[in-house]
1. Of everything in region A:365-413, what is over 26 Å from A:Phe447 (Cβ atoms) and assigned to a helix (DSSP H, G or I)? Give them in sequence order.
2. Condition first: polar (S, T, N, Q), without any contact (Cβ under 8 Å) to a residue 40 or more places away in the chain, out of contact with any His (no Cβ under 7 Å at 6 or more places or on another chain) and within 16 Å of ligand 4 (Cβ to nearest atom). Can you find one or more residues in region A:468-491 that meet it?
3. Might you check whether a residue that is assigned to a helix (DSSP H, G or I), surrounded by 14 or more Cβ atoms within 10 Å (Cβ to Cβ), over 33 Å from the mean Cα position of the chain (by Cα) and modelled with pLDDT under 85 occurs anywhere in region A:50-58?
4. What number goes with the only condition from (1) within 26 Å of the chain's Cα centre (by Cα); (2) at pLDDT below 85 that A:Gly452 does not pass?
5. Look at region A:471-503 and say how many of its residues are in contact with a helix residue (DSSP H, G or I) (Cβ under 6 Å, 6 or more places away or on another chain) and farther than 23 Å from B:Leu271 by Cα.
6. If we keep just the residues of region B:196-216 that are more than 9 Å from every other protein chain (Cβ to nearest Cβ) and aliphatic (A, V, I, L, M), which is surrounded by the fewest Cβ atoms within 10 Å (Cβ to Cβ)?
7. Tell me yes or no: at least one residue of region A:188-197 is surrounded by fewer than 23 Cβ atoms within 10 Å (Cβ to Cβ), hydroxyl-bearing (Ser, Thr, Tyr) and within 35 Å of the chain's Cα centre (by Cα).
8. Would you call A:Arg440 away from ligand 3 (no atom under 16 Å from the Cβ), in a helix (DSSP H, G or I) and either β-branched (Val, Ile, Thr) or within 14 Å of chain B (Cβ to nearest Cβ) (or both)?
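The values are calculated or read from the model by the stated rules, or taken from the named source; none is laboratory data. Computed from a prediction, not measured in an experiment: that's the story for all the values here. With ideal geometry, Cβ positions are generated from the backbone for all residues, glycine too; neighbour counts draw on all protein chains shown.
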Amino acid sequence: MTRAQRSLYIWLGLAAVLIAFPLLAPVLPLQPTIGMDIPHRFAGPSAANWLGNDEYGRDVLSRIIWGARASLAVAFGSAFCAAVIGTILGLLGGYFRGITEVLAVRSTEIVICLPPLLLAMLVITILGAGVLTLTVALTILFVPNYTRVVYAATLQTGGLDFVKAQEAMGTHPLKILARTVLPNIVPPLLVQFSLTVASGILLESGLSFLGLGVVPPAPSWGLMIRAARAAMDQQPLLLLWPSLALAGTVLLLNVICDRLQDVLSPKTAARGGAAWLRRQIKRTPDAPAPEVPLLKIEDLSVGVALEQGSMGLTKGIAFEVKPGETMALVGESGSGKTLTGLAMTGLLPNALSVTGGHAWFRTEAGVVDLAALTEEEFGPLRGNDISMVFQDAAAALNPVHRIGDQLAEIIQCHRPMPKQQAEAEVVELLRKVGIPDPERRIRAYPFELSGGQRQRAMIAMAVANAPKLLIADEPTTALDPTIQAQILRLFAKLKEDNPGMGVIFVTHNLAVVKEIATHVSVMYAGQVVEQGTVEEVFADPRHPYTKALLASVPESDAERLESIPGTVPQPGAMPEGCRFAPRCGHAAAACAAPQPLLDTGEGRTTRCLRWADLWKDVA
Amino acid sequence: MSPVIEALELTRNFPSRSGWVGAKRDVWALRGINLSISRGETVGVVGESGCGKSTLGNILLGLDSPTGGGVRFEGKYLHDFKGAHRRQMRKRMQLVFQDPFGSLDPRRSVGAQIADGLRNHDVVPAAEIPAEVARLLTLVGLAPSVAPRRPSQFSGGQRQRIAIARALAPRPDFIVADEPVSALDVSIQAQIVNLLADLREELDLAMLFISHDLHVVRHLCTRVVVMYLGRIVEEGPAEQIFTAPRHPYTQALLAATPSLKRPAGETGKVLDGELPSPANPPSGCAFRTRCALATGDCASAVPPLETVGPERRTACFHADLTAGQGGLQ
Ligand SMILES: Nc1ncnc2c1ncn2[C@@H]1O[C@H](COP(=O)(O)OP(=O)(O)OP(=O)(O)O)[C@@H](O)[C@H]1O
Ligand code: SF4
Ligand code: SF4
Ligand SMILES: [Mg+2]
């Protein structure tokens, strides 16, 4: 049993115990709920009457328990019936669209336009007061809420690939709805359910008060709250008990729905915990700063905080970037390329942190360790000395601010200057990154630009303050081939304009590396496995992984592509020794020990101890 | 050989309106597409995003209806099939998606999802379903024991294999693979490309392979169509398209594709400008706003797709000037 399931069962158990009281009310030794006992009006709690007596001297405890029968029956009954009807209408309307949509969804919206009380009165005048009528009235009231929630969720889910796959397979539409769509819209449905039950209990109290629901002297929580309000100055406790019962029920229901969602969720989410609960560890540099020309990363590791301690994601990342060089990070997805870039800018997601190593970076004020800086210390560096370009420009730009304002802000943040001057610089920048008609485009919002132009705008933002180090994470992956070529040319031009700038370029496309970079670090399973100049590494790879990677590019004339068998090991299940060993055709006994990064001369390194043997064979 | 599937003058408009009160104008996703695919053939479709590649795939599968023209499957028009007959038809044509994470239902085991296709069409008797699921999993290179697992327990490449197994379950004759390898790593891509090539041989499938990775298309496909703003601008045998492109757009596309074989420091010829909006395409040849060869004629009429060699067709008024240029390294 998982943690989530255990938690759910505990809460369900508690709920079952509580439900047992009203269910067993007829057999419990409770005092009568109806007979009056005027001498004990407003008496406080006593041994005989644990919660005291009400305005007619009736026992409050037994009225609460008996009252729960009416209140909960109305609330759960109506919430459940409405859920069934609303879900069916919403599913049909959202999936079939057209006329079904009009009939199922739009018609229920008429109900929303009617005042709830009026509607309830209408139903009750027709059917007569009582618990059953009240349930019917509330069901009608609640149906549109469910319909709308389910309709929206169905529209969204219906567009997903796995639903389309079912259609392509010729599955009957009703089967698709029941088997594929419904389970995937359960989460919003559960939220809606807990909301309607709560509002059902409250509405029951209002309607009962008007004489339209439970008929006094029969008890219900709503009636009790109303009565207690009138007698608040004489006995405030009378208000407390039914309110507690009401609040407790709603709370319990919310918790149960919440846990149920956890259990039903297909992935058991890694719990990072709230950011502010985690300790902000400030790592103190344990080594004196070496002299570095621009950036030198030594043995950098990043880990994720889990319930049972920390799990390493990258380990022993090491490379150097000199002014004017472009270092490409290549490797399979999940190999740690993005994390390395984020660690340089102090933008690691909350659950992640640097767990070891250094990233020495030269600033005007001397060499600092990027891996040990606090958030405040990063402030003046980010966007100024170091900046970053992301893959998804649409997500990285603020959609509600004009492009020009966002650029001006980043300039003025690091170099205070009057507004006009900043604006002139922005126009110049946009021209430099190749956005046509920049004077007019500074007024544009991100959504008004095409994908390629948005990417240009984000690059403009990154180079606004002439950074010393530019980190670009797959900046062309989401673009079309002809636009990708334009952006690559832009990077080349920016480097020409600013010859001292070092660039870290993250990509998984080897041909792009060849086009843009001077140096390359090949990453595998969170480690750098080989590095050197692009020319040398591509011409003469010294790690079996690099060799296999180059061979799997579909550019040869071979009939079949070389493919690396197996898959990348997952973090937490990394092999003890060489991480590539399970997929490596040259693995030997010695490979079972952890591999250090070996110097192979000419400024190149490899993390394969057999490289010399293997390449002698080849030669 | 008679084609498995044919598109005849396919046109698809998506009505759209610019702003709340703006003029209503149609987005032309497809215009006058003619295409046919035979058994054992893999036709690659390349072009920039939004040029109508996926729309073409969806219409061929009957998942979307054309505004004009029709699709014939083994000589019979798809729109003549309705309701249950239509669903029966669907088992013969399947789809493999781009996103290996979105195309599998996260809440059901992969075995159950593969079995859906078997059950819907009674491909095998109910008792033999587990054995058939195991056979399909083996066919795509996975252990049969993974059937009870949920999709979240698989890597991207493994999911793509599962999605392919699911597509193969109803024993289709025609498969549309919509960017099936773009979301995968290079080393995993190679596994899937090899798998598709093997399946094509073994099962004698007709396949439409949509991709923007020209190297993969060149490797896998027998024939290629190049699309620009909803029209086919060039068509021909894969090797010829990549070594001797004739349409200026194809040439630009090949030049823009980075290659390991290109000498260091040499960047390809970069095409300027953006893709025009499909809601407001240029008059005449849609490519003329970015074409170096454009002349007055190009604005006044749409160039027809004309034969320029054996099995080669291209839509350019000045195709005589383009011979012998460009090509993928
Ligand atoms: N917020 C997070 N919580 C837990 N693990 C994470 C988180 N972010 C990343 N990881 C894990 O860290 C490892 C490295 O991730 P990273 O994003 O750096 O890979 P990448 O090389 O950039 O891959 P891609 O090519 O897919 O972008 C992966 O195993 C990933 O699952
Ligand atoms: S160390 Fe051994 S297992 Fe690792 S890459 Fe080298 S030969 Fe292969
Ligand atoms: S028809 Fe004219 S504009 Fe179109 S591709 Fe040919 S030369 Fe260029
Ligand atoms: Mg990444």
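1. Result: A:Leu370, A:Ala371, A:Ala372, A:Glu375, A:Glu376, A:Glu377, A:Phe378.
2. Checked region A:468-491: at least one residue is polar (S, T, N, Q), without any contact (Cβ under 8 Å) to a residue 40 or more places away in the chain, out of contact with any His (no Cβ under 7 Å at 6 or more places or on another chain) and within 16 Å of ligand 4 (Cβ to nearest atom).
3. Within region A:50-58 (the criterion being assigned to a helix (DSSP H, G or I), surrounded by 14 or more Cβ atoms within 10 Å (Cβ to Cβ), over 33 Å from the mean Cα position of the chain (by Cα) and modelled with pLDDT under 85), the answer is no, since none of the residues qualifies.
4. Of (1) within 26 Å of the chain's Cα centre (by Cα); (2) at pLDDT below 85, only one is false for A:Gly452: (1).
5. The total comes to 2.
6. So, considering only residues that are more than 9 Å from every other protein chain (Cβ to nearest Cβ) and aliphatic (A, V, I, L, M), the one surrounded by the fewest Cβ atoms within 10 Å (Cβ to Cβ) is B:Leu203.
7. yes
8. no
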